[in-house]
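Working notes, beginning with the structure itself.
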Amino acid sequence: PNSRGDSWMKVKMEDEMEVTIVEWSPGAGKHTGKVGACTVAIDGKVVGAFGNMSDMLRNDMTDRRNGSLKKKYYGKKVLVRYQPPLGKGLMRHCRLVKLIDEKT
């Protein structure tokens, strides 16, 4: 009573959804001069942002001339994982799962 034993494990629900990249934020620290995070939307409504990109993807997404997001990534569909519920229409702890190849 009144305490959690060592054998208890906290499990949080997660959900996945396809969203579209609409904006970006500049990186800080070791990511200075690169894309730091990407803001995502569903049907034009901003619902979250992710910043958990690999260094290789972050470098590919960043325009070397000015550190901004390359034009080819605006409107790009991505699969993200987040913690529901969508309180006030926003995703909690939004994380990139993968880029969606629209050619298939």
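Numerical summary
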{"read-out": "Qualifying residues in region 1-20 (those that are acidic (Asp, Glu) and in contact (Cβ under 8 Å) with a residue 60 or more places away in the chain) - the one nearest to residue 74 (Cα to Cα)", "value": "18"}
{"read-out": "Filter pass, residue 66 being in a loop (DSSP other than H, G, I, E, B) and either charged (D, E, K, R) or out of contact with any Ser or Thr (no Cβ under 9 Å at 6 or more places or on another chain) (or both)", "value": "yes"}
{"read-out": "Where residue 101 falls short, out of the listed (1) loosely packed, with under 14 Cβ neighbours inside 10 Å; (2) out of contact with any Lys or Arg (no Cβ under 7 Å at 6 or more places or on another chain); (3) closer than 24 Å to residue 13 by Cα", "value": "(3)"}
{"read-out": "Matching residues in region 60-77 - criterion: being open to solvent by 70 Å² or more (accessible area, probe 1.4 Å) and either in contact with a helix residue (DSSP H, G or I) (Cβ under 7 Å, 6 or more places away or on another chain) or over 21 Å from residue 102 (Cα atoms) (or both)", "value": "64, 65, 66"}
{"read-out": "Lone unmet requirement of (1) at positive phi; (2) part of a strand (DSSP E or B); (3) touching a Ser or Thr at 6+ places or on another chain (Cβ under 7 Å) for residue 75", "value": "(2)"}
{"read-out": "Within region 16-45, tally of residues that are more than 11 Å from the chain's Cα centre (by Cα) and either open to solvent by less than 20 Å² (accessible area, probe 1.4 Å) or over 19 Å from residue 99 (Cβ atoms) (or both)", "value": "11"}
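The values are calculated or read from the model by the stated rules, or taken from the named source; none is laboratory data. If you're wondering where the values come from, they're calculated on a predicted model, not measured in any experiment. So basically every Cβ, Gly included, is an ideal-geometry build from the backbone, and we count neighbours across all protein chains shown. Side chains included, ligands, DNA and RNA excluded: accessible areas come from the protein's heavy atoms. Shrake-Rupley method; radii C 1.70, N 1.55, O 1.52, S 1.80 Å.
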